[in-house]
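The values are calculated or read from the model by the stated rules, or taken from the named source; none is laboratory data. Predicted, not measured: the structure shown is a model, and the values here were computed from it. Heads up, the Cβs are rebuilt from the backbone with ideal geometry, glycines too, and the neighbour counts pull from every protein chain shown. Only protein heavy atoms, including side chains, enter the accessible area calculation; ligands, DNA and RNA are left aside. Shrake-Rupley method; radii C 1.70, N 1.55, O 1.52, S 1.80 Å.
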Amino acid sequence: DRSHYEKTAEQEIDEKRRLLPAHLSINLQTLESIHFITSMLIEIPMLSENQHSMGRHIISRQWRRLIELYDNRQAFVLAAEQSKDHIVFAARALNKSDWQTALKHIYSINAITRMPEFENGFLQATLDNAFKTAAMKSFIFRAAKQYRSFSFENLSSFFGLEKKLVKKVVSKLILQNKIQASMDIQNDLLLLDETGQDVKELQQLSLQYVS
């Protein structure tokens with residue numbers, strides 16, 4: 001009798017639930033949003049650092065395609081409505097080191113704010129710190145040719161980061177040779193080397209013709 005072997009719709013649903021518990025399933029929109037956000041946090045400072053060789057540095061082609069798609073139809077996207085709109089608007093704000101506006105768009109994405117990690121405060125604290133740090137890096141990279149020094153106090157205040165963390169991030173950038181600078185501990189300043197920045201820019205330009 002086939003009735004003993006056929007399953008009802010409810011039985012099939014229950015069986016699928018047992019195979020993949022709800023707490024182990026991942027919403028695709030959430031997964032996509034997280035991918036775009038992490039790509040943004042890496043790529044925006046990198047683009048600011050390598051302004052003359054942007055095409056050589058790609059972390060996520062999907063993220064780049066998303067930005068290019070919106071750039072091509074910029075006149076038709078006036079306000080953020082969907083998750084991808086908020087992602088693009090956040091990227092544009094972060095590119096200007098406007099971390100407040102960037103976070104405002106990120107926190108308008110329901111797929112992010114409904115995550116348990118966000119509701120308990122852990123994810124929000126992590127994102128706050130990551131966006132502030134990325135915004136500060138982008139600012140320093142872009143402003144390196146325009147300023148001779150930065151006050152650590154001002155950097156800390158402007159980007160809402162503890163001065164200790166600001167110095168840690170800057171120290172890492174110097175050690176990695178991402179910026180030509182030194183730290184004046186006595187006067188609490190970051191001193192930029194204009195000559196070093198010019199050399200790095202020339203190196204980046206020359207790479208385009210070598211490759």
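Tabulated data
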| quantity | calculated |
| --- | --- |
| Residue within the stretch 27-40 that is outside any helix (DSSP H, G or I), under 30 Å from Leu127 (Cα atoms), modelled with pLDDT of 70 or more and out of contact with any Phe, Trp or Tyr (no Cβ under 9 Å at 6 or more places or on another chain) present | yes |
| Residues that are of a type in the set (Phe, Trp, Tyr) and surrounded by fewer than 18 Cβ atoms within 10 Å (Cβ to Cβ), drawn from the stretch 119-152 | Phe122, Tyr147 |
| Number of the exception - Met183 against (1) modelled with pLDDT of 95 or more; (2) under 22 Å from Ser48 (Cβ atoms); (3) open to solvent by 40 Å² or more (accessible area, probe 1.4 Å) | (1) |
| Odd one out for Lys178, checked against (1) surrounded by 15 or more Cβ atoms within 10 Å (Cβ to Cβ); (2) over 22 Å from Gln100 (Cβ atoms); (3) touching a strand residue (DSSP E or B) at 6+ places or on another chain (Cβ under 9 Å) | (3) |
| Odd one out for Leu161, checked against (1) modelled with pLDDT of 95 or more; (2) of a type in the set (A, V, I, L, M); (3) part of a helix (DSSP H, G or I) | (3) |
| Subset of the stretch 100-116 [open to solvent by 40 Å² or more (accessible area, probe 1.4 Å), in a helix (DSSP H, G or I), under 22 Å from Glu43 (Cβ atoms) and of a type outside the set (Lys, Arg)] | Gln100, Thr101 |
| Residue tally, condition open to solvent by less than 100 Å² (accessible area, probe 1.4 Å) and aromatic (Phe, Trp, Tyr), over the stretch 153-171 | 1 |
| Qualifying residue in the stretch 42-53 (condition: open to solvent by 70 Å² or more (accessible area, probe 1.4 Å), at pLDDT 70 or above and in a helix (DSSP H, G or I)) | yes |
| Qualifying residue in the stretch 69-84 (condition: at pLDDT 85 or above and touching a helix residue (DSSP H, G or I) at 6+ places or on another chain (Cβ under 6 Å)) | yes |
| Close pairs (6 angstrom Cβ cut-off, 6 or more residues apart or separate chains): under 15 Å from Leu41 (Cα atoms) in the stretch 117-135, at pLDDT 90 or above and of a type in the set (Ser, Thr, Tyr) anywhere | Ala135/Ser97 |
| Residue in the stretch 126-133 that is of a type in the set (Asp, Glu), under 30 Å from Ser171 (Cβ atoms) and in a helix (DSSP H, G or I) present | yes |
